[in-house]
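Novice: Starting off with a structure, shown below.
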Amino acid sequence: MRQANLLEKILAFGRALRAAGLDVHTGRVIDVVEALQHVDLSSRDEVFHTCRTLLVHRHEDFPVYDRAFSEFFDQKARSRRSADEMQRAEADRSAASVSNGAGDPDAAQSVEGIVAVRTWSDAETIASKDFASLTAGELALARAAIANLSWQAGVRRTRRWIPGRGPRIDLRRALAKSLRTGGEIIQLPRRQRKVRLRPIVLLCDVSGSMERYSRTLLHFAHTLARTARRVEAFLFSTRLTRITMELRTPKADAAIAAAARTVQDWSGGTRIGAALRPFHQRWGGRALTGGPVVLVISDGWDRGEPRVLREEIARLHRSCHRLIWLNPLIGTLDFAPLTQGLQAALPFVDDFLPVRTLRDVRDLAVHLSALERRR
């Protein structure tokens, strides 16, 4: 396999594996392309085992993979002319899809398999572009880059003590060890607090004013739910809808479609305070345990009572480790947080950050991983 056509072959091989019934998602294909740059491409065994390690998740899928690999790479009857014709036809279909579906988020699905294997270095060309202005192909590239990020909202100390280099002496272990030395304590073992990753709570606005950003931000929500250890996700417009279970679907498009079907007021009005109230009443005791980091994604165009929003945001702030408000309008021309909703909420927000571009999302991942243990 030559380096020049590595990308095209891995893309086609991924499609062949999916056609054979294997669950091969975009993130794994990206990993394969990057990994193959460090192996001997002239060695069939190295390519075979590298791809199998990254693309096969279950032992019972090995025979399916082995057959698909042999059929794809070992068929000598496949001529170079036929391969060239197939590649040209695929390129023509992709170009037609982009041309017909420019600006439509759903049209990005037809070209996502081709552009998704590009890495963050390739995505830098659109890193500063507003999500609302991206073409279908650029949206697919942005979603693939977001899917390749890892998310961790810092750690917290629990009440449980474990052996370690902590400040306290572990008397039980000291006495247990003294039995080996005739009751004489020679060492003073210590213990430390056990730490755990902080949970994340996501509250995303899907009202009419957020329509240009909602679907891309849902891809961000799916990546968050797939990579973080514990995530509770909710959508709101005039009412609140929990989508935690829907986002656990492995494939992003299927997860977002399932989440959209559960929301009855998609692209409706915005009443943030009225949506947060049932969140506290029904889900607060479950979602807000363990000192979570709460992400509210909204442009702040609220039609409800500012007093209600102020009360619910203040309550949310008291119940979490850190409250972060992500606004896609930050950075746009003449933006200022002057709406009544934002004026009521901002005194209780720890971080007011943009989420308008790919670079904003990447900076958010860095920001979350660097959160302090204390507010």
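The values are calculated or read from the model by the stated rules, or taken from the named source; none is laboratory data. Just so we're clear, the structure is a prediction, and the values are computed from it rather than from any experiment. Quick reminder, even Gly has a Cβ in these numbers, built from the backbone with ideal geometry, and neighbours come from all protein chains shown. Surface areas here come from the heavy atoms of the whole protein model, side chains and all, with no ligands, DNA or RNA. Shrake-Rupley method; radii C 1.70, N 1.55, O 1.52, S 1.80 Å.
Novice: If you average the alpha carbon positions of the stretch 247-261 and of the stretch 20-42, how far apart do those two centres end up, in angstrom?
Specialist: Going from one Cα centre to the other spans 24 Å.
Novice: Let me ask you something else. Ordered by residue, what ³J(HN,Hα) values in Hz, to whole numbers, does the stretch 352-368 give under the Karplus form 6.51 cos²θ - 1.76 cosθ + 1.60, where θ = phi - 60° and Gly and Pro are x?
Specialist: 10, 10, x, 9, 9, 10, 5, 5, 4, 5, 5, 5, 5, 4, 5, 4, 5
Novice: May I ask you to derive the FRET efficiency for ALA20 and ILE169 from their Cβ-Cβ distance with R0 = 51 Å, giving the value to the nearest 0.05? Could the numbers behind the result be given before it?
Specialist: Values: r = 59 Å, r/R0 = 1.15.
After rounding, the FRET efficiency stands at 0.30.
Novice: Can you work out the FRET efficiency for the pair PHE72 and ARG196, with r the C-beta to C-beta distance and R0 = 35 Å, to the nearest 0.05?
Specialist: Numbers: r = 43 Å, r/R0 = 1.23.
Efficiency, from the Cβ-Cβ distance: 0.20.
Novice: Can you compute the modelled spin-label distance between SER369 and ARG180, with each label point 7 Å from Cα toward Cβ, in nm?
Specialist: Spacing of the two 7 Å Cα→Cβ label points: 3.9 nm.
Novice: Taking 0.36 nm per residue of sequence separation and subtracting the Cα-Cα distance, how much length would be gained by fully extending the chain between ARG307 and HIS49, in nm to one decimal?
Specialist: 86.8 nm
Novice: For ARG239 and LEU188, FRET efficiency with R0 = 51 Å and r from the beta-carbon atoms, rounded to 0.05?
Specialist: Once rounded, the FRET efficiency stands at 0.30.
Novice: Now a separate question. Could you give each residue of the stretch 338-348 its phi-based ³J(HN,Hα) in whole Hz, using Karplus coefficients 6.51, -1.76, 1.60 with θ = phi - 60°, and x for Gly or Pro?
Specialist: 3J(HN,Hα) across the stretch 338-348, in whole Hz: 10, 5, 4, x, 5, 4, 6, 8, 4, x, 10.
Novice: GLN37 to ARG157: extension gain in nm, 0.36 nm per residue of separation minus the Cα-Cα distance? Working shown, then result.
Specialist: Values: separation 120, 0.36 × 120 = 43.20 nm, distance 4.02 nm.
Extending this stretch completely gives an extra 39.2 nm.
Novice: While we're looking at this one, here's another question. Given labels modelled 7 Å from the Cα in the Cβ direction, how far is it in nm from ARG362 to GLU211?
Specialist: It is 3.1 nm.
Novice: If I model a spin label at ARG318 and THR339 as a point 7 Å from the Cα along the Cα→Cβ vector, what separation in nanometres do I get?
Specialist: Going by the 7 Å Cα→Cβ label model, 2.6 nm.
Novice: Another one. ARG286 to SER150: extension gain in nm, 0.36 nm per residue of separation minus the Cα-Cα distance?
Specialist: 46.5 nm
Novice: For the stretch 222-375, calculate the relative contact order in percent as a whole number, restricting contacts to Cα pairs under 8 Å that are 6 or more residues apart.
Specialist: With pairs under 8 Å counted, the relative contact order is 18 percent.
Novice: Additional query: Counting only protein heavy atoms and using a 1.4 Å probe, what share of the accessible area of the stretch 325-364 belongs to carbon plus sulfur, as a whole percent?
Specialist: Of all accessible area on the stretch 325-364, carbon and sulfur atoms account for 55 percent.
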